[in-house]
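Beneath this line is the structure, given in structure tokens, with notes to follow.
Nothing in this text is a laboratory measurement; each read-out follows from the coordinates by a stated rule. Owing to the predicted nature of the structure, the values given are computational and were not obtained by experimental measurement. Quick reminder, even Gly has a Cβ in these numbers, built from the backbone with ideal geometry, and neighbours come from all protein chains shown.
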Amino acid sequence: MPDLDGEERRVRIADLLLRLRRVGITDQRVVSAIEAVPRDLFVEADTRNEAYAERALPIPCGQTIPAPVIVGMMTAALDPQPEDRILEVGTGSGYQAAVLSKLCQRVYTIDRFRTLVSAAESRFKTLRLANITTLVGDGTAGWPEHAPFDKIIVTAAEEAVPEALFDQLRTGGILVAPVGPGDGIQELKRYVRTAAGIEEAKLADVRFVPLIPGVAERL
């Protein structure tokens, strides 16, 4: 499948921006960040023509890139600010990290698959995104060397958010994650760490790949 030409990309991005507004994603910073990141560069060649369609698409290592409105919803819920240091658990294609990089000071992103991290790093370099730091590692353990984080986003589902991630979230910080069974419908939740504890709110029903502990041995 050939790359999208400039005009076709502009048309599809414009349609995506309309869909974001229809579901209530109106924060202009978030909308502009999504507009600035060419999603078709983050999908596989055989699905490039579907890059802006409203569905998740397969990527290597049995993973997926979430549907674009879900990325917009999670980004808006995270409320990224220019001074924020954000941890992403689940680099995947790198698309979510690329969007966040337009909105914050630095993104720290972890994935258990070396193949995915390497491909994402190449895309970041192509797009000249210099404020993203990557790690091949166990996302369930977070990245304590760089904690505490202002915001944390998890792009794979588990029955409960790992305590290590809450421990690495500063007071006043926000964590957004899908919570539920890895093989069924999950709830996208937004957590805020307060001085009194963790407050949570449900955002939507979603379906993500499962969050798996450890580092993949071969990929």
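Available extension along the chain between Ile212 and Ser32 is 61.6 nm, counting 0.36 nm per residue and deducting the alpha carbon span. If a spin label sat at a point 7 angstrom from the Cα of Glu44 along the line to its beta carbon, the backbone N atoms of region 76-102 nearer than 16 Å would be those of 92-94.
The Cα trace of the chain gives Rg and Dmax of 16.1, 53 Å, the first to one decimal, the second as a whole number.
Using Cα-only point scatterers and the Debye equation, what is log10 of I(q)/I(0) for region 127-201 at each q in 0.21, 0.28 Å⁻¹, rounded to two decimals? Listed by q, the Debye log ratios stand at -0.97, -1.35.
Which values, in whole Å and largest first, are the semi-axes of the equivalent ellipsoid of region 26-101 obtained as the square root of 5 times each eigenvalue of the Cα gyration tensor?
Each semi-axis is the square root of five times an eigenvalue, giving 21, 14, 10 Å.
One chain, two ends: Glu159 and Glu145. Fully extended at 0.36 nm per residue, the span grows by 2.5 nm beyond their Cα-Cα distance.
Our summary of shape: the Cα atoms of region 95-219 have principal axis extents of 41, 33, 25 Å, ordered from largest down, in whole angstrom. Label point of Lys202 set 7 angstrom out along Cα-Cβ; within region 67-102, no amide nitrogen lies under 13 Å from it. By the rule of a C-alpha distance below 19 Å, with chain neighbours fewer than 8 residues away ignored, the lysines paired with Lys151 are Lys102, Lys189, Lys202. Per residue of the chain, the DSSP helices (runs of n ≥ 4 H) give a summed -39500 (n - 2.57) that works out to -8500 deg cm²/dmol at 222 nm.
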